[in-house]
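Everything below concerns the one structure shown next.
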Amino acid sequence: MIVKLLTRVLLAVFLVTAPIALHSQTVYHAEEGKLPLSLGGGVANFDPYFAQAPLPSDISVSGSGQGRMWGAAGWADAGIRFGPEWVHPLNVELQFRSLFAGSSATHQNIVENNYGGGVTYNWYHYRNFHPYAKYLIGYNTISFNPIPYPGHPPYSQDSRVTNSLGGGLEYRITPHIWVRGDYEYQLWGMLLGAPEFSPQGFTVGAMYHLNKSPFH
């Protein structure tokens, strides 16, 4: 299942970026002065911080170590190349991630979605790999098997404005294509019995730089 998911994500990235690659090769010299832009996608593996016993049970558990969930992610980065020199390593990033496939029966019907945006700080001192750190603000949702809630409809979904910290490494495969390994720790606040609901995990994928950065 995971191999099929990874294949589909990478195929989608290729289908989106292949026409862009052909176009960029013909207009590269006209684009050298433009801001660095990139698009990426990959496969995510996270500890969702939540698990439920299989139906018809309504037992649920919050906390770290509840197994793993798989999903897909996509992101877009735009470099900042104006203003003082110290802001040039900053990128603006938008991302989406959906966790929908569990590694055990305790994750049936659980889905976590993340819509976020923020900044990354990139170290451009190395030619072929770029470490980075990031901070994102997001709108996250979680849905799950209904939990009885006296006097109210069954409780089956929730959402929060969240903060996320993380970092990773980008490695160059070609002048325009990079692979990326990313770690993210999310802070949802109080939710589902946890004083600090904190999913965390990794995303591995590929990204296409639409035009070359002077740091590349």
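The values are calculated or read from the model by the stated rules, or taken from the named source; none is laboratory data. Note that the coordinates shown come from a computational prediction; the quantities given were computed from them, not determined experimentally. Positions of Cβ are generated from backbone atoms using ideal geometry, with glycine treated the same way; all protein chains shown enter the neighbour counts.
Pick out the one residue from TYR132, TYR115, TYR139, TYR149 that is without any contact (Cβ under 8 Å) to a residue 12 or more places away in the chain and within 23 Å of PRO199 (Cβ to Cβ).
TYR149
Every residue in the range 83-112 that is within 30 Å of ALA53 (Cα to Cα), assigned to a loop (DSSP other than H, G, I, E, B) and either acidic (Asp, Glu) or free of Cβ contacts under 8 Å to residues at least 60 places away in the same chain (or both), please.
SER103, SER104, GLN108, ASN109
Considering the range 72-82 alone, what residues qualify as being in a strand (DSSP E or B) and touching a residue at least 40 places away in the same chain (Cβ under 8 Å)?
Across the range 72-82, the qualifying residues are ALA72, ALA73, TRP75, ASP77, ALA78, GLY79.
Any chance you could count how many residues in the range 67-112 are surrounded by fewer than 17 Cβ atoms within 10 Å (Cβ to Cβ) and at pLDDT below 85?
So the count comes out to 12.
What residue, among those in the range 172-210 that are within 12 Å of the chain's Cα centre (by Cα) and among the aromatic types (Phe, Trp, Tyr), is nearest to TYR124 (Cα to Cα)?
It comes out as TYR183.
All but one of (1) assigned to a strand (DSSP E or B); (2) surrounded by 14 or more Cβ atoms within 10 Å (Cβ to Cβ) hold for TYR139, so report the exception by its number.
(2)
Can you pull out every residue in the range 144-198 that is assigned to a loop (DSSP other than H, G, I, E, B) and either among the hydroxyl-bearing types (Ser, Thr, Tyr) or crowded, with 19+ Cβ neighbours inside 10 Å (or both)?
TYR149, THR174, HIS176, TRP188, PHE197, SER198
If you scan the range 113-136, which residues turn out to be in a loop (DSSP other than H, G, I, E, B), within 20 Å of the chain's Cα centre (by Cα) and of a type in the set (S, T, N, Q)?
none
Looking only at the range 101-132, which residues are of a type in the set (Lys, Arg) and touching a Leu at 6+ places or on another chain (Cβ under 8 Å)?
Within the range 101-132, none qualify.
Going through the range 178-214 one residue at a time, which ones are on the phi > 0 side of the Ramachandran plot and of a type in the set (A, V, I, L, M, F, W, C)?
Selection gives LEU192 alone.
Could you pull out the residue among TYR183, TYR155, TYR149, TYR208 that is of a type in the set (Phe, Trp, Tyr), more than 21 Å from GLU112 (Cβ to Cβ) and touching a strand residue (DSSP E or B) at 6+ places or on another chain (Cβ under 9 Å)?
TYR208
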